[in-house]
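What follows is a set of notes on a single structure, which appears directly below.
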Amino acid sequence: MKPTVSMTILFTIMTLCLLLMFQVGGALLQAISMMLVLAAVAGMALLPKRYIFPAALSLILLYGFYLTGWSVFFASAPAQLTLISHHILFSLFTVSVWLFFASFKTLLAEHAALEKQVDELKKYEPSSMLLSISEFESRVELMLTGMKRRGESGYLLHIVLKPQVYATAALQKSMSGVILESIRAQYDMATINQDGSFSVFLQNTDETGVGIVKNRLDENRQKIMAAEEPPYDVYSSYMEEYDFHTSAAQLYRVRKEA
Amino acid sequence: MDIFFITAMTFFWVLLIYYSWLAVGGVIHRRRIYPFEKLDDYPSVSILIPAHNEGVVMQYTLQAMQALEYPGRLQVILLDDNSSDDTEAIGREYSRLFSRIHYVQVPPGEPKGKSRVLNHGLSFIDTEYFLVYDADNQPEPDAVQKLVEAAVQTKKAVGAVGYVKTVNARKNLLTRMIALEFEVFQLLMQSGRWHWWKMGSLAGTNMLLKVSALEELGGYDEYALAEDAELTIRVASKGWRLPVVPEARTWEQEPEQLRIFIRQRTRWLIGNIYLLEKSLKDASFWNRTTLIHSIQHIATYFFFVVVLFVSNVLLILSLFDVVSVSLAVPLLMVWFMSYIVYTSQILSAQVLEKDAGSFQVAVGGIMYFTYAQLFLVLLAKSFFSYFASRIRKRTILWDKTERFKGENS
C-alpha cells in the first residue's frame, strides 16, 4: 500500500473514531475521552520517538483496566458493551494517530537514507563491493590519462566463469571476494559485467605482474573452492593507446577467438 | 458452573500475565547492545542440513551457506535423506565447487524423519560444535559467528539459539500471521525466558550445540517429531544453558497454503503431545532446572486446552439456556481485556521488529479471532491422530513441509 493511501485511511479512521466517541456513553465517559484524546495527541507530538509507543500502549492498557475496574466495582457503571465500544474507539484513534506520525517520520527517514544509498550505489556493485560498471570505466579512463603522461603500462583482465547449472550465483559471489583479495586495493580496480564476467584493471604493471595476479587468484580460489581446475578462464590484454574502449574491444575479440 | 467460570478466567489471566511478563523481559533483552566480544580462537563448527526433496530451495540455501563468514573451521554437510528430485544434483555441484560444502547420502532406515538423519550426520563429524539449519534456511553471513560467540562466553552454555525470520512474510495473510507468531512467541517470549530465568529453548533450526553435550545426552530421540522441544528438556535437566541471540538471524519459508500449514503444525503439536506423555513418565522433567519448561508445557498443551474447550462448550450451552451463569463479574469486559493484552503483545513485537506498518497492525488486530483460534482445532486434530496411532500401535510418520518457489534470494 502506498504511504499516501495508508495515511489517508488513517486520517479517516481518526476522524470517524473522534466523531463516534462523542456519541457513545454519558457525559462522564465523554469527558474522560476528551482528556485521553488530548493526552494521546500531546504525547505523540511532544515525547521523544522511543517513548511514543510505550506511552500509547500504556494509555490503552490503563484505560482498559480502569473501565474494567469501574464495571466490576460500581453497579452504576455504564453497560459493558458501551465501555467496550468506547475503549475500541479510543484504542483505534490512538493507534491511528501513532501510525500516522510513525508513517510520516518513516517517510522522512527513508528519504534521507535512500539519498545516501543512491550516492553509494553510484560507486559500487552492492552485493560484492566491486565497482559498478560506469564507475569502473570512468576511473580507468582517468587513470589511463595519468599513466600515459608517466609512460606506464597497464593490463585489462577478463575473468569468465565456466557455466554451472545451480551454483552460478554462489560462484559469482565467491569469485568477487577472491578477486578483491587478489588485486592491490590501492592501485587496481574490478567490476562485474552484465554477462556475469569480471573485468579487472591492473595499473602500472607488465606481463610478470599479470602472472602474479593470476597465481594469486588461483591461490585464493583454492582456499574456498574444492575443484582442482579453476571454474573460470582468464583473458588478459595490454592497454594499447591508453584507450579503455579500444582495449576492451580487443579483449572481447581475444575471448571470442579462444 | 460459576466456580468453573471463575477458575477458567483466573487460569487464562495467570497465563496472560505470565506471557506479558515474558514479553516485558523480551523487550528488555531485544533492546540490549550485543554483549559478546570477538574471540581469539573460534572453535570448529559443522552445519548439518537434513534434506528430503528440497530441490526447490536447495541452491539458495547452499548459496547462503557459502556466503557465511566465520573465522574458524566451518564445514557444511548436506544430509540427503533419499531425495528423488534434483537435491542430489545441486548438492553435488556445490560440493564439487566449494571446499566448505559436503554432500552426504543418508542410507534408508526407520523411523523416518529429521532426528534419524541428524544422528547419522553426527556420527561422522569431528568438530567441537554442530549447528542445524532446515533445508530452506538462508542464514545471514554473521549468524554462525554470533551464535558461537554467545555459546563460548555464556556461563554453563552448551550452545545457543538464534532467531528465525520469515522470508515470504508478505506473500499472503497466512504468512503474515505466521511471521507475527514467530516475532511474538518465537523471539519475544523466548528472549523473555532467557532474560528472566536464563532459560533458552532449542528451535529446529539456527541452533548451535556442543557435539560432546549431545553425545552425553545420547543423541537425538528418533521417535520425537518435535525433536527440538524434546532435546531442550534433556539439555535443561543437566543444568546447561542455551543463550538466546536475536542478532543471529536466519530466513526461512513458511507455508503459503492453509493445507500445508495444518499438516506442519499437526506434526509439531503431535511432537509436543509425545513430549507431554514423556514428561508425565520421566522424573527428570520435573527437577529444578526443567520445572519451568515442563509447567509451561503442561499448562499450554493440557490445562489451557481443556479449560478453553470446556468453557467454549459451556458458553454455547448457556447461549441456548441449557446452563446458566449467575456471576456478577462483567465477563464480557474481562474477556475483552484479555484480547487487548494479547494484541498488545503482538503490537510490541511488531514495533521491536520495525514491522508495524498500518496493514501489519491491522493483521495483528485480527490474529486473536482467526489464527489463535486455529490452535484449538489443530490441537484437537493432533490429539486424535496421536491417540489413534497409539491404539493401533503405529509409529506416526514424519510429514515433510512442502516448499515454494520464489522469494528465496
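Amide H contacts under 5 Å for B:Ala248: B:Tyr163, restricted to partners 5 or more places along the chain or on a different chain, H placed in the peptide plane at 1.01 Å from N. Lysine pairs in region B:110-254 whose alpha-carbon atoms fall under 23 angstrom of each other, counting only those eight or more residues apart or on distinct chains, come to 17.
For chain B, the carbon plus sulfur part of the accessible surface works out to 60%, probe radius 1.4 Å. Around A:Ala56, under 13 Å between beta carbons, what's the net of Lys plus Arg minus Asp minus Glu among the other residues? Overall, the nearby charge balance is +2. Of the DSSP H helices in chain B, those that are both long (alpha-carbon extent of 27 Å or more along the helix axis) and hydrophobic (Kyte-Doolittle mean at least 1.0) are B:2-30, B:331-352.
In the context of the full set of protein chains, chain B has a per residue accessible area of 42 Å² (1.4 Å probe). Summing Lys, Arg as +1 and Asp, Glu as -1, what charge do residues with Cβ under 15 Å from the Cβ of B:Val45 carry, B:Val45 excluded? With Lys, Arg at +1 and Asp, Glu at -1, the neighbours total -2.
GNM on chain B, alpha-carbon springs under 10 angstrom: the most fluctuating residue among B:Ala23, B:Ala67, B:Ala203 is B:Ala67. Per residue, the accessible area of region A:3-121 comes to 58 Å², computed with a 1.4 Å probe over protein heavy atoms only.
Comparing B:Val24, B:Val14, B:Val148 in a Gaussian network model of chain B (Cα springs below 10 Å), the most mobile by mean-square fluctuation is B:Val14. Over the C-alpha atoms of the protein assembly as shown, the Rg to Rh ratio, Rh being the Kirkwood estimate, stands at 1.04. The accessible-area loss of region A:224-239 on complex formation, taken against its chain alone with a 1.4 Å probe, reaches 20 Å² or more at A:Ile224, A:Met225, A:Ala226, A:Ala227. Taking Cβ atoms as reference points and 11 Å as the exclusive limit, the residues near B:Gln75 contribute a net charge of +1, counting Lys and Arg as +1 and Asp and Glu as -1. For region B:65-104, a drop of 40 Å² or more in accessible area on going from the chain alone to the assembled protein chains (1.4 Å probe) is found at B:Gln66, B:Glu93, B:Arg96, B:Leu97, B:Phe98, B:Ser99. Averaged over peptide B:345-356, the number of partner chain Cβ atoms lying within 10 Å of each residue's Cβ comes to 2. For chain A, hydrophobic long helices are taken as DSSP H runs at least 18 Å long by C-alpha position along their axis with mean Kyte-Doolittle hydropathy of 1.0 or more; these are A:3-21, A:27-46, A:49-73. Cα centroid separation, region B:241-259 to region B:21-91: 11 Å. Rolling a 1.4 angstrom probe over the protein heavy atoms with all chains in place gives region A:124-257 an accessible area of 52 Å² per residue. Interface between chains A and B: roughly 3000 Å² of accessible area buried, both sides summed (probe 1.4 Å, protein heavy atoms only).
Close amide-amide hydrogen proximity is noted between B:Ala67 and no other residue 5 or more places distant or on a separate chain, at a cut-off under 5 Å (H modeled in the peptide plane; Pro and chain starts excluded).
A 1.4 Å probe, protein heavy atoms only, puts the accessible area of A:Leu28 near 110 Å². Rounded to the nearest whole Hz, the Karplus-based 3J(HN,Hα) values (6.51 cos²θ - 1.76 cosθ + 1.60, θ = phi - 60°) of region B:206-222 follow the sequence 6, 10, 10, 8, 6, 4, 5, 5, 5, 4, 5, 7, x, x, 6, 7, 6, with x at glycine and proline.
As a calculated quantity, the FRET efficiency between B:Phe320 and B:Trp196 at R0 = 51 Å, using C-beta atoms, amounts to about 0.70.
The values are calculated or read from the model by the stated rules, or taken from the named source; none is laboratory data. Note that the structure is predicted; figures quoted are calculated from it, not measured. Cβ atoms come from the backbone with ideal geometry, glycine included; neighbour counts cover every protein chain shown. Quick note on the areas: whole protein, heavy atoms, side chains included, nothing else; ligands and nucleic acids left out. Shrake-Rupley method; radii C 1.70, N 1.55, O 1.52, S 1.80 Å.
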